[in-house]
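To start, the structure under review is shown below, and the notes come after it.
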Amino acid sequence: MTELYQTQRAMRNIRRAALQRGVIGILDIGTSKISCLVLKFDGTGTFRETDGVGPMAGQANFRVIGAASTRSRGLRCGEIETMAETERAIRTVVTAAQKVAGVRVDHVIACLSGGRPASYGLAGEIVLESGKVAEHDVASVLAACDAPDFGRGREVIHAQPVNFAVDNRSGLADPRDHVGNRLACDMHVLTVDGDVVANVVQCIRRCDLELAGIASASYASARASLVEDEQELGAACIDFGGGGTAVSIFIKKHMIFADNVRIGGNLVTQDIAQGLRVPLPVAERLKTLNGGVEATGRDDREMIEVGGETGDWESDRRTVSRADIIGVMRPRIEEILENVRQVLDAAGFDFMPSQQIVLTGGGSQVPGLDGLAARILGPNIRCGRPLRIDGLAHQLTDPSFSSAVGLALFAAHPQDEWWDFEMPAEAYPARSLRRAYRWFRNNW
């Protein structure tokens, strides 16, 4: 648990130092596109309660001064496959965003969509010697959470206390100054493949950038798409991306579960290309302009001309119906939704008090998806768009930019403030040396 504490606090200090410089970059590294937002902070990057603007509004203390996006290259299933191509794409999008903003960006917060995420629930409990919860008691109960063996090569990217309990009073967001005898804590930890994170860090550093933070796409897209009531009462966010489908569950404004289905919109495009014998760019255009999941009798008569890619339009020209496109797309989208249903069942989503499900991401814009999802996942379905933040252009409020907007909210309002407490000396391996060092520092 000590290494986890030190890692979280070190990353938070780097992010704070970057925010104090006033400018930070948001880098959403996806399988289909890479987006970059340049944020300008008015001050130290802390939330001013006197503004009267809550954190969910996204307007507190920062604005977007530059934005750009480009087609992703060198990635597969949210993971870097060709380092040189990904580096070239990141340099392109960051340079374009800097040109719009008119400033140089040195630190970025990155979003990770792959890495096979895995959620863990930790619990810790201590005895309150003074009969009242103090700040050092909060640090002690965090240190008391016994972290299991996450496995070889796993890296923690999110670790947040989701619930505190003093004696029999549970559901406390801030237990400080509460009177009681025992303090308990429930913590959610999200781990990913360490090699995937290391590749992202190396690629960003090769672009002459410093990493000031990293977040999961499941967490970021939910922060942008779920309204405050949904985060409080409980909801699931499904982010349909190009290389995978991210699933996250929130309750009491904290993420309690996250996972990723390694099937996304790119596989739907490949199915269209193979089924209709067209190139991938044509298949992507057919999916975007003429795709859907609900076929009607009219779709058999709606003919679409394809062909001519070889240069001979007269001999290569042919037509396909919209019903043919839907017939290819629907089985794959049903497979994605069935896999999402299995993930939600494994997470115990049916036992939550609220069964709200929000669809976001670029793939959520397929016509008729909400109706199909309602039959497979549940009736409480809505299509979510990211929250509007100051300075963001209207064309960037598309559901495909949910992760980038969520990263901006994460940069302004991180939920790891509990890691600011000093870790108790007893939690360190070398107790005697650590105590001696603290005594020497405090007295000399």
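The values are calculated or read from the model by the stated rules, or taken from the named source; none is laboratory data. Nothing here was measured: the structure is a model prediction, and the numbers come from that model. With ideal geometry, Cβ positions are generated from the backbone for all residues, glycine too; neighbour counts draw on all protein chains shown. The area values use the complete protein model at the heavy-atom level, side chains included, leaving out ligands, DNA and RNA. Shrake-Rupley method; radii C 1.70, N 1.55, O 1.52, S 1.80 Å.
In summary, strands (runs of 3 or more DSSP E) completely within the stretch 166-274 and bearing 2 or more residues that are surrounded by fewer than 20 Cβ atoms within 10 Å (Cβ to Cβ), out of contact with any helix residue (DSSP H, G or I) (no Cβ under 7 Å at 6 or more places or on another chain) and not basic (Lys, Arg) occur at 169-172, 182-193.
Inspect the stretch 138-155 for any residue being closer than 30 Å to residue 33 by Cβ, buried (at least 22 other Cβ atoms within 10 Å of the Cβ), among the small types (Gly, Ala, Ser) and touching a residue at least 24 places away in the same chain (Cβ under 8 Å) and give the result as yes or no. For the stretch 138-155, residues closer than 30 Å to residue 33 by Cβ, buried (at least 22 other Cβ atoms within 10 Å of the Cβ), among the small types (Gly, Ala, Ser) and touching a residue at least 24 places away in the same chain (Cβ under 8 Å): absent. Residues that are at pLDDT below 90, within 22 Å of the chain's Cα centre (by Cα), assigned to a loop (DSSP other than H, G, I, E, B) and crowded, with 18+ Cβ neighbours inside 10 Å occur at least once in the stretch 76-89. Scanning the stretch 356-407 for residues that are open to solvent by 10 Å² or more (accessible area, probe 1.4 Å), among the aliphatic types (A, V, I, L, M), in the same structural domain as residue 335 (by TED's automatic domain parsing) and in a helix (DSSP H, G or I) gives 374, 376. Residue 105 falls short on exactly one of the conditions (1) within 30 Å of residue 75 (Cα to Cα); (2) modelled with pLDDT under 85, and that condition is (2).
Taking the criterion of being more than 21 Å from residue 76 (Cα to Cα) and in contact with a Lys or Arg (Cβ under 7 Å, 6 or more places away or on another chain), the only residue of the stretch 232-261 that qualifies is 232. Of all the listed residues (359, 392, 387), the sole one being modelled with pLDDT of 90 or more and not charged (D, E, K, R) is 359.
Of all residue pairs spaced 6 or more apart or on separate chains, those with beta-carbon atoms under 8 Å, a first member in the stretch 330-353 that is in the same structural domain as residue 247 (by TED's automatic domain parsing) and a second member that is part of a helix (DSSP H, G or I) and loosely packed, with under 14 Cβ neighbours inside 10 Å are 344/350.
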